[in-house]
Amino acid sequence: MLYQYLKENYIQGEPIFTGDIDIPGMTEENLRYHLKKYTDSGIICRFEPGVYYFPKIDIFGERMVLSPDAVAVHKYILRRGKRVGYFSGYTLANRMGLSTQVPFTQEICSNYAPALVRKITIKNRQYILRRPVVEVTEENVLVLQFLDCLKDIEKCAEMDLEKCGKILTEYARKNAITKKRLDKYITNYPTKIYKAIYETEVEYVSS
């Protein structure tokens, strides 16, 4: 029963979080027993307590080890295909092209963050988790990333403000970020965000 469930719901290289497994009638003790059985027999691999996966096989026929970044993304950004978070801070600035610096510690805003701000370690990789200003969904994630960039512009951006404004304007136009969409969330941000909008001269879709 468990094996069939896992094969139907997970692909190779995708983290399996035991807390996400929902099989009617299966107790936690029974679940642990079967996961250990599958791990001992080599059917699945154990990444760390509570995290398993079907390994991918490389071109040499060797099992590929699951990376901490893959676990972080599946746990805090795209949980079972559902948007629950996004990269933030210096990580977001780099991904948006506002900075060329690649931060050693990745930053993530997630609905699953256990505190307002917390540093966590997945294997040997550190991450900073933050709670978002509102619940992250597929519908609002682009707007929240846009507003986060403006909020952190002085701290995280490496480019001058005019260049940042052009980059964010292009992002807003590409993703149809309108004033109406911004107004829905902007009051959840500190007032310095208005200063950032003024100084970058960023433009967004008017309607």
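The values are calculated or read from the model by the stated rules, or taken from the named source; none is laboratory data. Note that the coordinates shown come from a computational prediction; the quantities given were computed from them, not determined experimentally. Neighbour counts are summed over all protein chains in view; Cβ atoms, including those assigned to glycine, are modelled from backbone coordinates with ideal geometry. Just so you know, the surface numbers come from the protein's heavy atoms only, side chains and all, with ligands and any DNA or RNA stripped out. Shrake-Rupley method; radii C 1.70, N 1.55, O 1.52, S 1.80 Å.
Worth a mention:
- When each of TYR86, TYR90, TYR127, TYR171 is tested for being over 25 Å from PRO68 (Cα atoms), touching a residue at least 40 places away in the same chain (Cβ under 8 Å) and of a type in the set (Phe, Trp, Tyr), the lone residue that passes is TYR171.
- When region 163-207 is filtered for residues that are within 12 Å of CYS149 (Cβ to Cβ) and among the β-branched types (Val, Ile, Thr), the ones remaining, listed by number, are ILE167, THR169, ILE177, ILE193, ILE197, THR200, VAL202.
- Hits in region 156-167 (condition: touching a residue at least 24 places away in the same chain (Cβ under 8 Å) and assigned to a helix (DSSP H, G or I)): CYS156, LEU161, GLU162, CYS164, GLY165, ILE167
- Here ALA93 meets the list (1) surrounded by 13 or more Cβ atoms within 10 Å (Cβ to Cβ); (2) over 30 Å from ALA172 (Cα atoms) almost entirely, failing just condition (2).
- Scanning region 182-198 for residues that are in a helix (DSSP H, G or I) and in contact (Cβ under 8 Å) with a residue 40 or more places away in the chain turns up ASN188, LYS192, ILE193, ALA196, ILE197.
- Condition check for ILE11: open to solvent by 30 Å² or more (accessible area, probe 1.4 Å), under 24 Å from SER110 (Cα atoms) and out of contact with any Pro (no Cβ under 7 Å at 6 or more places or on another chain): yes
- In region 1-15, the residues that are in contact (Cβ under 8 Å) with a residue 40 or more places away in the chain and closer than 16 Å to CYS45 by Cα never reach a residue that is open to solvent by 90 Å² or more (accessible area, probe 1.4 Å) and outside any loop (DSSP other than H, G, I, E, B) with C-beta atoms less than 7 angstrom apart, at least six apart or across chains.
- Search result, residues across region 96-116 that are under 14 Å from ARG131 (Cα atoms) and either open to solvent by 60 Å² or more (accessible area, probe 1.4 Å) or not β-branched (Val, Ile, Thr) (or both): GLU107, CYS109, SER110, ASN111, TYR112, ALA113, PRO114, ALA115, LEU116
- Looking across region 168-177, just one residue is open to solvent by less than 40 Å² (accessible area, probe 1.4 Å), touching a strand residue (DSSP E or B) at 6+ places or on another chain (Cβ under 9 Å) and assigned to a helix (DSSP H, G or I), and that is ALA172.
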